[in-house]
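Participant: Take a look at this one; I'll ask things after.
The values are calculated or read from the model by the stated rules, or taken from the named source; none is laboratory data. Computed from a predicted structure; not experimentally measured. Because the Cβ atoms are built from the backbone with ideal geometry, glycine has one as well, and the counts that use them run over all protein chains shown. Remember, those area values only see protein heavy atoms, side chains included, never the ligands or the DNA or RNA. Shrake-Rupley method; radii C 1.70, N 1.55, O 1.52, S 1.80 Å.
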Amino acid sequence: MNAQQIRNEYLKFYAERMHEVISRAPLVLKDDPTTLFTGSGMQPLLPFLLGQKHPKGNRLVDSQTCLRAQDIEDVGDNRHTTFFEMLGNWSMGDYFKEQQIRWFFEFLTEKVGLDANKIYVTCFIGDESHGIPRDDEAAQIWKTVFSEAGIDAKIVELGSAENGDKLGMQGGRIFFYDDGENWWSRGGGLDKTPIGDPCGPDSEVFYDFGPQNHAEGYGLAHPASDSGQFMEIGNQVFMQYRRLDDGSFEPLVRKNVDFGGGLERIAAAQLNSPDVFRISLLWPIIEKLQSLSGKKYESHTESMRVIADHLRAATFLAVDGTVPANKEQGYVMRRLLRRAIRFAFDLGIEQNFFEEIVPVIADMYVEDYPEVKANRDTVVAVLAKEEKVFRQTLRKGLKQLEKFSDNGLTGAELFTLYDTFGFPVELSTEEAYKQEITLSDNWRQEFDDKMAEQRARSQTAAKGTFKGGLGGQTLQHKKYHTRSMAVILPKNACDLILITTKK
Ligand code: ALA
């Protein structure tokens, strides 16, 4: 079963259980000014989870394309991608924990064919100070479900993820964690739950790739650790409380289920491959890169992963009507494309290559997404045009960067690279980092001042529409390097995306 089949089987499985299949929402939500991109399956459904009636009923299923631009610099390891599909099913005041847990387990073990012995789960430990009990209900359902599969599932209390690093598995299969791991609200943990909002405990499902994938330096292995042994493949949110004005939580009469599962990750689990780039929705891109460059994935892993991810993300952005630009979503798109070009240099690809790769990407989706089929040629043209334009300035810009670099790069020089050569500041600083060029101590401030001056000069930018770009206020930069997506997303967008998606 490949990833496409897993997606289609998932939609069918829930349709057979009386769910209406709904279409994915675009990557850029028209009516949601709080966020740049759709970052989780529930985001377009928020009004319905907050009580509005959905025209298609109270059981829904979909596969939602998501973009998490804040993960851009994590791409390159075996599991992070900026673009992914989130399988989602929802009960709006209909079925609850028992049905959700049983169905998802059945889907994973009987349809996808995962070995139940490799599945581990987590539940909410409870919080006395907020009057929220431990989610024994979910844990007991899991215990029964595992027992029916012939597994004696021991329940273990770990509390925080940090505690888990010290205590380890202790022979457990069902783990209780605190609100840092297993509580969901639009604001995050218990105390961050917005007043008036629905919220509740969640139960996450993990796949065990085996102790050989547990990286050193992470303490003992346990599901919520990022050590590489366990990968979260699904999150079941049980919305069963509402936060009141006085900060307390009252049980909801109408309870919802909000489930999100990573298609790419489930497909990787199905292959028993901790490397998600091996799945059928990414591997054809890697194969094409290998044939174009004559280089092997094994020796150029990171570059190939970055290019595959970024071009897949940009392709879907183009399908949904975004074009490269200097602000907001178009800026992120431009950055994805330019990073892909830069990483292609590592493969020795110095000529235009988007026209070769983008059709490979589109063809993986044309059968399942008519909008990809309808826009295929336009998408190739949009991306190829951006590549051509950028390559013309790239060499000039890189030469200039080398010239500037003699005494370390200043903010004013970075601004010149941005303004004259169209180099996003992240690209220049990353390039500087790669070439071990130092940055002056106050480069960020200087750069921001130059940007502000330019903005003040520009009539269009002065109207307050400049959400993206380079405000810099939340940036924590290291001396030579910067993790900078935080400044590209408006603050509240980061919040919304992060809290609705967790991992
Ligand atoms: N909304 C939940 C998540 O994104 C399912 O994890």
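Participant: Along its principal axes, what span do the Cα atoms of the chain show, with the longest given first and each in whole Å?
Facilitator: Principal-axis extents of the Cα atoms in the chain, largest first: 67, 53, 48 Å.
Participant: For residue 240, what residues show an amide H to amide H distance below 5 Å, using hydrogens built from the backbone and excluding near sequence neighbours?
Facilitator: Long-range HN contacts for residue 240: 199, 200.
Participant: I'd like to know which of 233, 310, 215 lies farthest towards the positive end of the charge dipole of region 200-323, counting +1 on Cβ of Lys and Arg and -1 on Cβ of Asp and Glu.
Facilitator: It is 310, whose Cα lies furthest towards the positive end.
Participant: So how much slack lies between residue 272 and residue 94, counting 0.36 nm per residue of separation and subtracting their Cα-Cα distance, in nm?
Facilitator: 60.7 nm
Participant: Before rounding to the nearest 500, sum -39500 (n - 2.57) across all DSSP H runs of length at least 4 in the chain and divide by the residue total; then give [θ] at 222 nm in deg cm²/dmol. The partial results should precede the final answer.
Facilitator: Working: 16 runs with 203 residues, N = 503.
Calculated mean residue ellipticity at 222 nm is -12500 deg cm²/dmol.
Participant: Can you give the extra length, in nm with one decimal, that the chain gains between residue 326 and residue 166 once fully stretched, where that is 0.36 nm per residue apart less the Cα-Cα distance? List each step's numbers first, then the result.
Facilitator: Values: separation 160, 0.36 × 160 = 57.60 nm, distance 4.63 nm.
Length gained, residue 326 through residue 166: 53.0 nm.
Participant: In debye to the nearest 20, how big a dipole does region 200-243 give about its Cα centre with +1 on each Lys and Arg Cβ and -1 on each Asp and Glu Cβ? It would help to have the intermediate numbers written out before the result.
Facilitator: On the way: 2 positive and 6 negative charges, 63 e Å.
Dipole size: approximately 300 debye.
Participant: By Kyte-Doolittle mean hydropathy of at least -1.0 and Cα axial length of at least 30 Å, which whole DSSP H helices of the chain are selected? Provide the component values of the computation, followed by the final result.
Facilitator: Numbers: long enough: 370-404 (48 Å, -0.60).
Helices passing the filter in the chain: 370-404.
Participant: Also: How far is it, in nm, from the label point at residue 144 to the one at residue 115 when both lie 7 Å from their Cα along the line to the Cβ?
Facilitator: Between residue 144 and residue 115, the simple spin-label model gives 2.8 nm.
Participant: Using +1 at the Cβ of each Lys and Arg and -1 at the Cβ of each Asp and Glu in region 57-116, identify which of 84, 65, 101 lies farthest towards the dipole's positive end.
Facilitator: In region 57-116, that residue is 101.
Participant: Just to verify a number: FRET efficiency for residue 377 and residue 2, C-beta to C-beta distance, R0 = 35 Å, to 0.05?
Facilitator: Numbers: r = 26 Å, r/R0 = 0.73.
Efficiency for this residue pair is about 0.85.
Participant: So, one more: Run the accessible area of the chain with a 1.4 Å probe and give the carbon-and-sulfur part as a rounded percent. Could you put the intermediate results ahead of the total?
Facilitator: On the way: 9670 of 20360 Å².
Accessible surface attributable to carbon and sulfur in the chain totals 47 percent.
Participant: Work out the length of the dipole vector of the chain about its Cα centre, built from +1 on the beta-carbon of each Lys and Arg and -1 on the beta-carbon of each Asp and Glu, and round it to the nearest 20 debye. It would help to have the intermediate numbers written out before the result.
Facilitator: Details: 60 positive and 74 negative charges, 297 e Å.
For this selection, approximately 1420 debye.
Participant: Can you tell me the dipole magnitude for region 268-316 around its Cα centre, using point charges on the Cβ only (Lys, Arg +1; Asp, Glu -1), in Debye to the nearest 20?
Facilitator: Values: 6 positive and 5 negative charges, 21 e Å.
With only Lys, Arg, Asp and Glu charged at Cβ, the dipole is about 100 debye.
Participant: Step through the residues of region 68-78 one at a time and calculate ³J(HN,Hα) from phi using the Karplus curve (6.51 cos²θ - 1.76 cosθ + 1.60, θ = phi - 60°), rounding each to whole Hz and writing x for Gly and Pro.
Facilitator: Couplings: 10, 5, 5, 8, 3, 8, 8, 5, x, 7, 7 Hz.
Participant: Rolling a 1.4 Å sphere over the protein heavy atoms, what is the accessible area per residue of the chain, to the nearest Å²? Spell out each step's value before the answer.
Facilitator: Values: 20360 Å² over 503 residues.
Dividing the accessible area of the chain by its residue count gives 40 Å².
Participant: Which one, 260, 384, 142, projects farthest toward the positive side of the charge dipole computed for the chain from Cβ point charges (K/R +1, D/E -1)?
Facilitator: In the chain, that residue is 384.
Participant: Can you give the FRET efficiency for residue 438 and residue 191, using 1/(1 + (r/R0)^6), R0 = 56 Å, r = Cβ-Cβ distance, to the nearest 0.05? Before the final figure, lay out the partial values.
Facilitator: Working: r = 41 Å, r/R0 = 0.74.
Plugging the Cβ-Cβ distance into 1/(1 + (r/R0)^6) gives 0.85.
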